[in-house]
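Q: There's a structure below that I have some questions on.
The values are calculated or read from the model by the stated rules, or taken from the named source; none is laboratory data. Every value quoted in this text rests on a predicted model; they were computed, and no experiment measured them. Reconstructed Cβ throughout: ideal geometry from the backbone, glycine too, with neighbour counts over all protein chains shown. Note: accessible area is taken over every heavy atom of the protein model, side chains too, but ligands, DNA and RNA are not part of it. Shrake-Rupley method; radii C 1.70, N 1.55, O 1.52, S 1.80 Å.
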Amino acid sequence: MQTRVALTIMLLSLSVSAAAQTWTPPRTPWGDPDLQGNYSNKYEQGTPFERPAEFEGRTIQDIKGAELADLVSERAVEVLLNSPFSGGDPIAGNFGGAPAFYDRFEANKGSRPWFVVDPVDGKVPAMSPEGRKASQARAAARAALRRGRGTADSYEDRSLYDRCITRGLPGSMMPTNYGNSYRIVQGPGFVAISYEMVHETRVIPLDPFDKLWVDGERSRTVDGHTQLSPAIRSYMGYARGYWDGNTLVVETRNFRDDPVYRGSNPQTLRLIERFTATSPDKVEWSVTVDDPTTWTRQWTFAMPLTRNDKEAIFEYACHEGNRAMSNLLSAARAQEKAEQDAAAKGIILKREREDTVTGDAN
């Protein structure tokens, strides 16, 4: 299994290297490959995560040339048709602000048939029987904590995304309907990645885990850097990076129980990101998902990030502008009052309740 995964990663690396072999990325004053800049992947909005059924038996390398161009054009039209009520006059049934607020108008610049590149069938591998059982048990435990509650009894009943806390990892860099801007900043020994949506920034020390990982329950300082204990976990995990030639490799562990990426086990999940500059305006971003307690094997998805200074990050101000949360809660209170008023007249209004509220992204 390890040999197969290593071979697949090697082939992926060779493929990216081949695309970049005629171009040498610039260097920072301290000698690292310079990835700094403003990026966007809004052009991939119409791209499915896994291989669609219509391409059964074909690999991602098979879809190219005129076929890929036609496919991207069709999907760009679908992106527009699937959001007819976004922006415009709310009286006419529209919502969500001005149309220019959205990133859906340039999906015709997409470049991929789908995102999953390993396995070669373009599908996320199956969970192991033990992994599926454990994932279902974790989901049941979370649902049990909410049993008897509605979806808006409190702000705590909403997803972390609804609450302007996080989109998690790798969700924070997955293309969506707006906010698809990112900024990479480098310094000696560090790389920082900022995400427009939910305004999060990851500050990543450039020290690999195999040098500094601590298995105990206490943090310590090594070479001037604080190495967190595995007992300390965060929404975006704990990241360490290093350079593999011109590729920035970032490994992230120590995830919290919420958000949960595709049913994985936060205690054992590792995400290995690779950022490789392939041209003056392109960085290939790939993510290898490694959780042996959940899936039968590692798997990887990838997409390009396009350098574009016209897509610089804007202030997100999520909490300040989160009218949806106050509207959700006030509507729920209005519903409760309507139920009470109806009950006083001997009328029973039935309100549907849900056991879970999710905000998981690809």
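Q: Could you provide, to the nearest whole Å², the per residue accessible area of region 32-84 with probe 1.4 Å?
A: On the way: 2630 Å² over 53 residues.
Counting only protein heavy atoms, the per-residue value for region 32-84 is 50 Å².
Q: From the backbone phi of region 167-177, what are the Karplus-calculated ³J(HN,Hα) couplings (6.51 cos²θ - 1.76 cosθ + 1.60, θ = phi - 60°) in whole Hz, Gly and Pro given as x?
A: Each residue's phi maps through the Karplus curve to give 9, x, 10, x, x, 5, 10, 8, x, 9, 6 Hz.
Q: Determine, from the Cβ-Cβ distance of Thr59 and Ala334 and an R0 of 51 Å, the FRET efficiency 1/(1 + (r/R0)^6), rounded to the nearest 0.05.
A: 0.45
Q: Continuing with this model, one more query. Run the accessible area of region 235-301 with a 1.4 Å probe and give the carbon-and-sulfur part as a rounded percent.
A: Working: 950 of 2090 Å².
That fraction is 45 percent.
Q: For Val260, Val198, Val203, give the ranking by accessible area with the largest first, probe 1.4 Å. All intermediate terms of the calculation are to be shown ahead of the outcome.
A: Working: Val260 25, Val198 0, Val203 100 Å².
Ranked from most to least accessible, the order is Val203, Val260, Val198.
Q: At 1.4 Å probe radius, can you tell me the per residue accessible area of region 244-326 in Å²?
A: On the way: 3400 Å² over 83 residues.
Solvent-accessible surface per residue comes out at 41 Å².
Q: What shape does region 135-192 take by its C-alpha gyration tensor, where a ≥ b ≥ c are the square roots of the eigenvalues and a/c under 1.5 counts as rounded, a/b above b/c as prolate, and the rest as oblate? Each step should come with its number before you reach the end.
A: On the way: a/c = 2.93, a/b = 2.13, b/c = 1.37.
Judged from the Cα gyration tensor, region 135-192 comes out prolate (a/c at least 1.5, a/b above b/c).
Q: Just to verify a number: FRET efficiency for Thr293 and Ser229, C-beta to C-beta distance, R0 = 30 Å, to 0.05?
A: On the way: r = 20 Å, r/R0 = 0.67.
Efficiency for this residue pair is about 0.90.
Q: Turning to a different aspect of this structure: Placing unit charges on C-beta atoms (Lys and Arg positive, Asp and Glu negative, everything else neutral), compute the dipole magnitude of region 296-349 about its Cα centre in debye, rounded to 20.
A: Values: 7 positive and 7 negative charges, 41 e Å.
So the dipole magnitude of region 296-349 works out to roughly 200 debye.
Q: Can you tell me how much longer the chain between Asp341 and Ala66 gets when fully stretched, taken as 0.36 nm per residue apart minus their C-alpha distance, in nm with one decimal? Show your work: numbers first, answer last.
A: Details: separation 275, 0.36 × 275 = 99.00 nm, distance 6.28 nm.
The span from Asp341 to Ala66 would gain 92.7 nm if fully extended.
Q: Next up: Output ³J(HN,Hα) for region 247-257: one whole-Hz value per residue in order, computed from phi by the Karplus curve 6.51 cos²θ - 1.76 cosθ + 1.60 with θ = phi - 60°, and x for Gly and Pro.
A: 9, 7, 9, 10, 9, 10, 10, 6, 7, 6, 6
Q: A further question on this structure: Quick one: accessible surface of Arg138, probe radius 1.4 Å, all protein chains present, in square angstrom to the nearest 10.
A: 60
Q: Let's test the formula: R0 of 41 Å, r as the Cβ-Cβ distance of Lys350 and Val124. What FRET efficiency results, to the nearest 0.05? Please report the intermediate quantities before stating the final value.
A: Details: r = 38 Å, r/R0 = 0.92.
With a Förster radius of 41 Å, E is 0.60.
Q: Could I ask something else about it? Please calculate the 1.4 Å probe accessible area of Trp30, with all protein chains present, and give it to the nearest 10 Å².
A: That residue has around 100 Å² of solvent-accessible surface.
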